[in-house]
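See below for the structure under consideration.
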Amino acid sequence: MRQTLKEGDCNLKGYKKYYVNKILWYLLTFFVAIVLNFTLPRLMPGNPVSAIATQTAQGMTDATAIRKVYTEYAEKFGVNEPIHKQFFMWAGNMLKGDMGVSFSQYPRRVSDIISNSIWWTIALQFPAIIVGWFLGNLLGAIAAYIRKGFDKMILPFFLFLSNIPAFGMAVILLTVFAVKFHLAPTSGGYGFDMLPNFSLPFILSVLDHYKLPFLSIVLVTIGGQAIGMRSMSIYELNADYVKYSRFLGIKDSKIVGYVFRNAMLPQITGLAMSLGTMVGGALVAEIIFSYPGIGTTLLSAITGRDYPLISACTLIITIMVLLANLFMELLYGFIDPRIKAAQSD
């Protein structure tokens, strides 16, 4: 009884040490990321406040009035303050949920722009990543288990797909299916003559524009996941425990279940990373299809030197990546007994 209690206390301390260390490191990483997200966009050449002030002062001839307009905008956006003061102002506003006002789309607020575009990205990339991950792992497991002709035919195709970047696949699909055969629209998230609503014509238009961006992400995801799953499955199928289990006469179907479960651990990590980076991943495909997601928003922010909008987009991507990594690190503490043993030593 005492031995059991001691083991339980040891395990609890091991888990506590593991989780505290991970959380502290991720908090430190998050702080560094916040500083970089704020600083790097402001190192870009040019002054976006001057462009806004010039548009407002268009037609004015009085130099003093023009200067006053610029000063008012500089004070409004806080760019007349030293960089460290701007950072603390920005961080304080972020804690309150205030992302500021967009430079390039003034006077729209950054939070409104992000909230409009992020759901398009999630609706596109979340289903595409899940479907691509499931199909890729299924085909990779079948290729590893059956081998022979199936593996020889499918594997080269997987290798080909896994080496095509997202933007390359998007360009191929756009050129073939949209430009040449006119089977799908070339750009946008819905018809340009429509306003967002819940009517059937609008939903059908959204689905029509959805096909090619969705397919481009799925095809690239299938290739990478299939190769990874096939390699891990072959490694597990040749492991000693599989040979010993077969020697004992255990049914092959039961052995295969354990084999694929072990092979799935790295693939689950890959899925979490893909979901974590889906706000930042395959954004080039969104840009190519002019899909109204974070990718298109980030591109317009960069071209317009829109510091608040760039910082907000990159911060969201950073948070998603860090949360996905942290979640998997914490989950692995439960899944993998080797972590518990290492922390108990």
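I need the full set of residues from the stretch 114-145 which are more than 18 Å from Ala285 (Cβ to Cβ) and surrounded by 23 or more Cβ atoms within 10 Å (Cβ to Cβ), in order please.
Result: Asn137, Gly140, Ala143, Ala144.
Scanning the stretch 148-187 for residues that are among the hydroxyl-bearing types (Ser, Thr, Tyr) and not in a loop (DSSP other than H, G, I, E, B), which turns out most open to solvent (accessible area, probe 1.4 Å)? It would help to see each step written out before you state the result.
Initial filter on the stretch 148-187 (among the hydroxyl-bearing types (Ser, Thr, Tyr)): 162, 175, 186-187.
Within this subset, residues satisfying the condition of being not in a loop (DSSP other than H, G, I, E, B) are 162, 175.
Values: Ser162: 47, Thr175: 73 Å².
The extreme case among them is Thr175.
For residues that are surrounded by 12 or more Cβ atoms within 10 Å (Cβ to Cβ) and either modelled with pLDDT under 70 or closer than 30 Å to Leu322 by Cα (or both), tally how many sit in the stretch 51-71. Show your work before the answer.
Initial filter on the stretch 51-71 (surrounded by 12 or more Cβ atoms within 10 Å (Cβ to Cβ)): 51-54, 56-57, 60, 66-71.
With either modelled with pLDDT under 70 or closer than 30 Å to Leu322 by Cα (or both) added as a condition, the list becomes 51-54, 56-57, 60, 66, 69-70.
Total meeting the criteria: 10.
Quick one: which residue in Ala301, Ala324, Ala312 is at pLDDT below 80 and either more than 28 Å from Ser205 (Cβ to Cβ) or surrounded by 19 or more Cβ atoms within 10 Å (Cβ to Cβ) (or both)?
Result: Ala324 is the single residue among Ala301, Ala324, Ala312 that is at pLDDT below 80 and either more than 28 Å from Ser205 (Cβ to Cβ) or surrounded by 19 or more Cβ atoms within 10 Å (Cβ to Cβ) (or both).
Among (1) outside any loop (DSSP other than H, G, I, E, B); (2) modelled with pLDDT of 70 or more, which single condition is Tyr15 missing?
(2)
Would you check which residues across the stretch 188-200 are surrounded by fewer than 11 Cβ atoms within 10 Å (Cβ to Cβ) and over 14 Å from Ser290 (Cβ atoms) and list them?
Asp193, Leu195, Asn197, Phe198, Leu200
The values are calculated or read from the model by the stated rules, or taken from the named source; none is laboratory data. Here the structure is a predicted model, which is why all the values come from computation and not from measurement. Using ideal geometry, Cβ is built from the backbone for each residue, glycine included, and neighbour counts are taken over all protein chains shown. The accessibility values were calculated without ligands, DNA or RNA, using every heavy atom of the protein model including side chains. Shrake-Rupley method; radii C 1.70, N 1.55, O 1.52, S 1.80 Å.
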